[in-house]
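What follows is a set of notes on a single structure, which appears directly below.
The values are calculated or read from the model by the stated rules, or taken from the named source; none is laboratory data. Fair warning: this is a prediction, and the values are worked out from it, not measured in the lab. In this analysis, Cβ positions are derived from the backbone assuming ideal geometry, glycine residues included, and neighbour counts consider all displayed protein chains. Keep in mind that these areas ignore ligands, DNA and RNA; they rest on the heavy atoms of the full protein, side chains included. Shrake-Rupley method; radii C 1.70, N 1.55, O 1.52, S 1.80 Å.
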Amino acid sequence: MRFVDTHTHLYDEAFGDQGALAVERAVEAGVTKLVFPDIDSKTRDAMLELADKFPGTVFPALGLHPTEVGNNWREELEKMESYVSRPLCAVGEIGLDFYWSKEFVQQQKEALKAQLELAHRLDLPVILHNRESTEAMLEIIKNHSFSDTRGVFHAFTGSIETFREIQKLGEWYVGIGGVATFKKASIGETLKEIPLDRILLETDSPYLTPVPHRGERNESAYIPLIADKIALQKGIDLQTVAEVTTENAEKLFKI
């Protein structure tokens, strides 16, 4: 079976100098393709350095994470321009986060709009981060996206009603990660109603580690645990989950 981890930060400082080993463990576990979302200019070169070690396996994106948006967001986006000529699979991780701080809410919105424009210019999908900001996010997508705007709502834990609202906006997938394996997580039940052809697998490593490794550092090799939970919730076999979600990822990111 082949899997794709569509959201993993194996270049994060949590891995120290062991990121390459984490990539190798993922491949050994059948996770043969990995998408690296970008954070900001401070971590971008480390991300690309690790990605360059594994061509055809690791696919980097380009973006400014909403928690890194401040008064200098325009400068951060200008720095991104020097990277647009290299192979990229998406614009991301971009979006809104009203959980950690509401100090730069307006700047987050403006940065998101600008990066939707960048995705349109580069003809790339977007990887959306959405935390306690669903209403504002949907409004921006409705009013400031383009006819070719497409992508994934990363770390989706919303209701089936929210999922249906997202589907009205175009070609959108939802990223399902370790939270789906948590005993009291409502997304477990919601999964029963989300069509498999709208689901992408992700770890968000080193965060949101699935059961039975919860409390440990997450990594891409744990993707099969998430896939197994989806198979259980939907009453289908693991092979089908692997095949369909891999096809979804390869189609969206063109990898």
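Determine whether GLU93 is in a helix (DSSP H, G or I) and not hydroxyl-bearing (Ser, Thr, Tyr). Taking the combined requirement at face value, the residue does not satisfy it.
Against the test of being over 19 Å from VAL23 (Cβ atoms), among the small types (Gly, Ala, Ser), open to solvent by 60 Å² or more (accessible area, probe 1.4 Å) and modelled with pLDDT under 95, the options GLY215, GLY235 yield a single qualifying residue, GLY215.
Checking each residue in the range 103-148 for being open to solvent by 20 Å² or more (accessible area, probe 1.4 Å), assigned to a loop (DSSP other than H, G, I, E, B) and over 15 Å from PRO66 (Cβ atoms) picks out ASP123, LEU124, SER145, PHE146, SER147, ASP148. When each of LEU96, LEU50 is tested for being closer than 23 Å to LYS254 by Cβ, modelled with pLDDT of 95 or more and buried (at least 16 other Cβ atoms within 10 Å of the Cβ), the lone residue that passes is LEU50.
For the range 166-184, taking the residues that are β-branched (Val, Ile, Thr) and open to solvent by 10 Å² or more (accessible area, probe 1.4 Å), the one that is nearest to ILE230 (Cα to Cα) is identified as THR181. Among residues of the range 149-165 being in a helix (DSSP H, G or I) and in contact with a Ser or Thr (Cβ under 9 Å, 6 or more places away or on another chain), the one that is most open to solvent (accessible area, probe 1.4 Å) is GLU165. Kindly check whether there is at least one residue in the range 206-221 that is in contact with a Ser or Thr (Cβ under 8 Å, 6 or more places away or on another chain), of a type in the set (A, V, I, L, M, F, W, C), under 30 Å from GLY170 (Cα atoms) and touching a residue at least 40 places away in the same chain (Cβ under 8 Å). The answer is no; no qualifying residue exists.
Screening the range 12-41 for residues that are free of Cβ contacts under 8 Å to residues at least 40 places away in the same chain and open to solvent by less than 30 Å² (accessible area, probe 1.4 Å) and picking the one that is farthest from HIS154 (Cα to Cα) gives ALA20. Is it the case that ILE223 is open to solvent by less than 50 Å² (accessible area, probe 1.4 Å) and of a type in the set (A, V, I, L, M)? So ILE223 fits the description; yes.
Please work out if PRO206 is open to solvent by less than 10 Å² (accessible area, probe 1.4 Å), within 18 Å of the chain's Cα centre (by Cα) and either at pLDDT 95 or above or hydrophobic (A, V, I, L, M, F, W, C) (or both). Spelling it out, it is not the case that PRO206 is open to solvent by less than 10 Å² (accessible area, probe 1.4 Å), within 18 Å of the chain's Cα centre (by Cα) and either at pLDDT 95 or above or hydrophobic (A, V, I, L, M, F, W, C) (or both).
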